[in-house]
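*Asks:* Before I ask anything, let me first share the structure, which is written out below as structure tokens.
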Amino acid sequence: MPWELGRFWNTLTYYEALPFADFWRWVQNGLQSPAVNCMPPSLTPATSLPVVLLGDGLPEGLAEALHRQGAAVGQSQDWLTARVILGLGAPETAKAHLERLRRSGQTEQMLFDFRRPDPQLNQFWGILDDVVMGGVSQSQLLWGEGELLFTGQVSTANFGGFVSTRTRNWQPPLDASGFAGLELRLRGDGQRYKVLLRDQGGWDSPAYSYAFDTTPGEEQTVQVPFAEMVPTFRARRVAAPPLNTRQIHSLQLMLSKFEADGSPNPRFRPGPFRLGVRWIGLYRQEPLPQLIGVVRGSLAPDWVAALQESSSRWCGVEIPAEIEGSTLAAHLLRLLRSPASVGRVVPLQAFHG
């Protein structure tokens, strides 16, 4: 099969891997400097804690009390990074909210939100296929329904066998040292994909790799622990220090016929592929609660199970029949800022006195 020199040239130019790449891009843009934003997503902490109140059974005045104590209380259904306080007073309503939460997922820090199309996508994310080594695989990025589709055809012809999408280098590099890893919400096709990160700015520098399996057509949340990423160079494991999370230069998603150690990918199949990505975020070493279920009296075991199914960062709170909104607000904010509250049921007695 013929190798395409034009695609090879465009790929290297896009990623500034050629001498005079800036000049060539200037020529391609009609002698005008392209407006390319290679800044990483901002990880600046929010000035106030975003909170969404849902459900029934919450005391009156809770929203106002939370606001007075520093929370940004909203009615938005965008739950991905907000803290959700859910009243369990009306079971059917609460179960509907929990099911929506389970389907949408949550992340502690958003990096890329692909649920809405962004016309600037191609200035930051590009395609990097095996054309750089003589292969003929082809991939593309398309906007789907609430997701970014990485799709195309992968071929082993001409000794190829990989497709990928990669960001341009971030300037300055991304500092993710306060987090434990990446979190991706996606829908795959049953194949095994890789996430790759680079802590050096070179075009062909070593990459830290982590493989994950997908279930055909099923939406899933994949966590990529930084500590488990394997240093590789051209599909071969290499000796290197752990990933320097203080200076991440680029992020890449790949489908390859090889594992990190050079062995065959057992779930790889040539031909069409399809990976839909809703968002990419970060999660902490010690996660903070993002879903708090509030009930008057005792939290029944079936409610505990429902909270667990809806979020890995849940907390159950049992409150007295009569409690003021300001009193509950103070306790809820304390729990929202405490990693120790994740996966716990806080008993009724904690609010007495």
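The values are calculated or read from the model by the stated rules, or taken from the named source; none is laboratory data. A quick note: this is a predicted structure, and the numbers were derived from the prediction, not measured. Glycine gets a Cβ as well: all are built from the backbone with ideal geometry, and neighbour counts include every protein chain shown. Please note that ligands, DNA and RNA were not included when accessible areas were found on the heavy atoms of the full protein model with its side chains. Shrake-Rupley method; radii C 1.70, N 1.55, O 1.52, S 1.80 Å.
*Asks:* Counting pairs of Cα atoms in the chain, how many percent are more than 36 Å apart?
*Replies:* Here the long-distance tail beyond 36 Å is 31 percent of all Cα pairs in the chain.
*Asks:* Taking Rh as the Kirkwood radius computed over C-alpha pairs, what is the Stokes-Einstein D of the stretch 223-330 at 10 °C in a medium of viscosity 1.306 mPa s, expressed in µm² per second?
*Replies:* Roughly 84 µm²/s, to the nearest whole number.
*Asks:* Which whole-number value in Å² is the accessible area per residue of the stretch 45-187, probe 1.4 Å?
*Replies:* Per residue, the stretch 45-187 has an accessible area of 43 Å².
*Asks:* Could you please state how large a percent of the accessible area of the chain is carbon and sulfur, counting protein chains only and using a 1.4 Å probe?
*Replies:* Reported share for carbon and sulfur atoms: 53 percent.
*Asks:* From largest to smallest, what semi-axes in whole angstrom does the stretch 89-208 give when each is the square root of 5 times an eigenvalue of its alpha carbon gyration tensor?
*Replies:* With the √(5λ) rule applied to the stretch 89-208, the semi-axes are 32, 20, 14 Å.
*Asks:* Can you work out ³J(HN,Hα) from phi for every residue in the stretch 226-243, in order, using Karplus 6.51 cos²θ - 1.76 cosθ + 1.60 and θ = phi - 60°, giving whole Hz and x for Gly and Pro?
*Replies:* Once θ is set to phi - 60°, the couplings for the stretch 226-243 become 4, 5, 9, 6, 9, x, 9, 9, 6, 6, 9, 5, 10, 7, 7, x, x, 3 Hz.
*Asks:* Taking a point 7 angstrom from the Cα of L142 along the C-beta vector, which residues in the stretch 237-280 have backbone N less than 17 Å away?
*Replies:* Correct set: 271-278.
*Asks:* Taking the stretch 276-333, how much of its Cα-Cα pair set, in percent, is spaced more than 16 angstrom apart?
*Replies:* That fraction is 56 percent.
*Asks:* Among V224, T245, A235, whose Cα sits farthest toward the positive end of the charge dipole of the stretch 216-353 (+1 at Cβ of Lys/Arg, -1 at Cβ of Asp/Glu, about the Cα centre)?
*Replies:* Highest projection toward the positive end goes to A235.
*Asks:* In a shell of Cβ-Cβ distance under 9 Å around Q252, excluding Q252 itself, what net charge do Lys and Arg (+1) and Asp and Glu (-1) give?
*Replies:* Neighbour charge sum, excluding Q252 itself: +3.
*Asks:* Taking the highest mean first, how do the peptides 178-186, 255-263 order by number of other beta carbon atoms within 10 angstrom per residue?
*Replies:* Answer by packing, highest mean first, reads 178-186, 255-263.
*Asks:* To the nearest 20 debye, what charge dipole does the stretch 125-269 have about its Cα centre, counting +1 at the Cβ of each Lys and Arg and -1 at the Cβ of each Asp and Glu?
*Replies:* For this selection, approximately 360 debye.
*Asks:* Roughly how many Å² is the accessible area per residue of the stretch 219-304, as a whole number, for a 1.4 Å probe?
*Replies:* 48
*Asks:* I would also like to ask the following. Pairs of Cα atoms under 8 Å, at least six residues apart: use those to get the relative contact order of the chain, whole percent.
*Replies:* Answer for the chain is 20 percent.
*Asks:* Averaging the inverse of every distinct alpha carbon separation and then flipping it gives the Kirkwood radius. What is it for the stretch 222-267, in angstrom units?
*Replies:* One decimal place: 12.1 Å for the Kirkwood radius.
*Asks:* What is the distance in Å between the Cα centroid of the stretch 180-220 and that of the stretch 257-292?
*Replies:* 4
*Asks:* Could you work out how much longer the chain between E322 and A96 gets when fully extended? Use 0.36 nm per residue separation minus the Cα distance between them, nm to one decimal.
*Replies:* 78.8 nm
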